[in-house]
Structure formats: C-alpha cells, structure tokens
Amino acid sequence: MKHGSPCSRRRAEQRLPPHSCALFEKGPHGDQIVSGLLPDHGGRMATARSPCNPQSTVDLGAQYITRTPHYAKKHQSFYDELLAHGILKPLTSPIEGMVMKEGDCNFVAPQGLSSIVKHYLKESGAEVSFRHRVTQINLRNDKWEVSEERGSPERFDIVVLTMPVPQILQLRGDIANLISECQRQQLESVRYSSRYALGLFYEAGTKIDVPWAGQYITSNPCTRFISIDNKKRNIESSEVGPSLVVHTTVPFAVTYLEHSTEDVQELIYQQLESILPGLPQPVVTKCQKWRYSQ
C-alpha cells in the first residue's frame, strides 16, 4: 500500500526493481484525498466543487504552495514537473497579511490543490481504492496483511501509512505489538491543531467587491483566512460564479470540534458577514472539519 509519484520517481532514479502500488483512501473520490504526496506539503489537499457548476471550486485545505530556498534546492524537479504540466502556476494575486521570507516563492493550482494529488496518482500507475478505511494490519508469512471495513484482506510486501498518528495507534492486529513502548510514547506525544473551512459558491455574475484575492485576519476570534478562490487563481468568467473560502482559527475549532457541522457553519458565516458586510447570498455551501489539521 504505497503512495504515488514521489515513490515512482525515486524508484526510477535509484534503479529499483519495478513493483505495483495500491492506495487505500478513506475519502469518496480524488477531490477529497487528504494524504500528502507532494514533498514539504503534507495533508489537507482537498478541493470542493459546486454541484451547480463543477468548474467552480474552492480549496478547503491548503490554499497555495510555498517553495522555500531549502526546498527549491532539495525538490526542484517536483516543482519543475508541476509547472511544466500547468498544475501549478505562480501566485500573483494580492494576499493581504501574507508574510514573505527572502527567497520564498508561492504557487497556486488552477484546477485546485487536489489536482497535484491526482497528477501523482496518475503518474504512479497506482490502483486507487476509495472509501477504504484500514482497520487492521497483521504479519503473515513475511507479508503485510491489510484489512479494511469492507472486503477481504490484501497482502503487500511494504505498507506505508500516511494517516494521522492517532489513527495509526487505533489500528488493530500485529502492528500494535510491533510498535515498541518507546515508539508508542513518542507517537502518543504528537499533538495536532484543528480547523474548520467553509466554502461558498455564488451564481454567475455575482460581484464580491474587495481589493484582494486573499486576506489573513488577525482581529477575529473565529476567522483566520479568507480567499476569493477564483480570484486567487486569476480565473474570471462570466459563466462561472465566484467562490469563497473561510478558514477558522485553531481556538475556534477546538471549542466547537464536537458540535454539529450545521451549527458551526452558521457561526462561521455570521463572523464572515461581520468582516464583509453586504456579502451576497451563496447558492451552495460546503463545511469541512479538519480534526487533524497540522
């Protein structure tokens, strides 16, 4: 059970023997894969599409990709590949409150951040199975037997786990006994922050009159970041309405982590209206809870 392109590329560079890859993803489809495939940017690569118009999208996870000088030197080939395929392009839209360090370069994904994951999966040739939640891993005759909620167990030579640490510690089977006490203590010490993201889709022709494409918020207990996602990507169309996404602060998410999504969505929207008075009414909304954000 392996992830895609980075594994495939390194296999070729190191002249390793070919092997087949399988990927189990608990999400329902490729737009919602949240496992990190791009080096330096793990997790939260989820793109939501409006049911009214699939061309209208919002990134409910990572908003843009930052290439630091260190990562440019270490992983330039990955960035070159994504830029050459048009999967990434330079971020040129104004983001208010963004902190830029010397040598950093930011990129956006015209088709949404999930397009990065889709590219690597396609390149890897991996067999991808959605709605597969791994529950148990056992060692059988030097093979790893992976069981999930539905279907028969499957066996692999190598298993790579990319789910959050708390979910790894919940796995049953031999894997629970193979983790040493010291390793378990280290894993149990890992802490995650949590966030909510709210995506809003608008009718074609709707105007959201702000001078920025994205804005970091420092004075609101609920809202940390707002993006006009189509504007962030420099995509303007008379046929596709604008899309907006709000990311909450960590304290807000921790406070309301176990509340209903409907109640949390209403609270986020109320705070958004206080920041952007007179905001048009969206036709569709999508609220995403990131229990394991960073």
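The values are calculated or read from the model by the stated rules, or taken from the named source; none is laboratory data. Keep in mind it's a predicted model, so treat the numbers as computed, not measured. Heads up, the Cβs are rebuilt from the backbone with ideal geometry, glycines too, and the neighbour counts pull from every protein chain shown. Quick note on the areas: whole protein, heavy atoms, side chains included, nothing else; ligands and nucleic acids left out. Shrake-Rupley method; radii C 1.70, N 1.55, O 1.52, S 1.80 Å.
Under 8 Å between Cβ atoms, at least 6 apart or on separate chains: pull out the pairs that start in segment 118-129 with a residue that is farther than 12 Å from ILE87 by Cβ and open to solvent by less than 20 Å² (accessible area, probe 1.4 Å) and end on any residue that is in a helix (DSSP H, G or I) and hydrophobic (A, V, I, L, M, F, W, C).
Qualifying pairs under 8 Å: SER124/CYS7.
Scan segment 222-235 and report the pairs whose first residue is within 13 Å of THR47 (Cα to Cα) and whose second residue is part of a loop (DSSP other than H, G, I, E, B), with Cβ atoms within less than 6 Å and a gap of 6+ or a chain change.
ASN230/PRO242
Can you name the residue in segment 170-184 that is of a type in the set (A, V, I, L, M, F, W, C) and modelled with pLDDT of 95 or more and, of all such residues, is most open to solvent (accessible area, probe 1.4 Å)?
CYS182
Which of the residues belonging to segment 249-264 are touching a residue at least 40 places away in the same chain (Cβ under 8 Å) and surrounded by fewer than 18 Cβ atoms within 10 Å (Cβ to Cβ)?
Result: VAL250, VAL254, LEU257.
Restricting to segment 139-166, what's the tally of residues that are surrounded by fewer than 17 Cβ atoms within 10 Å (Cβ to Cβ), free of Cβ contacts under 8 Å to residues at least 60 places away in the same chain and not aliphatic (A, V, I, L, M)?
Total meeting the criteria: 10.
Please work out which residue is nearest to VAL283 (Cα to Cα), limiting yourself to segment 22-63 and to residues that are at pLDDT 90 or above, part of a loop (DSSP other than H, G, I, E, B) and open to solvent by less than 20 Å² (accessible area, probe 1.4 Å).
SER50
Please name all residue pairs, on different chains or six or more residues apart, with Cβ atoms under 6 Å, provided the first residue is in segment 279-294 and is within 9 Å of LEU198 (Cα to Cα) and in a loop (DSSP other than H, G, I, E, B) and the second residue is open to solvent by 70 Å² or more (accessible area, probe 1.4 Å) and among the aliphatic types (A, V, I, L, M).
If the second residue must be open to solvent by 70 Å² or more (accessible area, probe 1.4 Å) and among the aliphatic types (A, V, I, L, M), no pairs are left.
Please go through segment 185-206 and give me each residue that is touching a residue at least 60 places away in the same chain (Cβ under 8 Å) and either more than 15 Å from VAL58 (Cβ to Cβ) or open to solvent by 70 Å² or more (accessible area, probe 1.4 Å) (or both), ordered by number.
TYR192, SER193, SER194, GLU203, ALA204
Got a number for residues in segment 207-245 being outside any helix (DSSP H, G or I) and open to solvent by 40 Å² or more (accessible area, probe 1.4 Å)?
Qualifying residue count, segment 207-245: 14.
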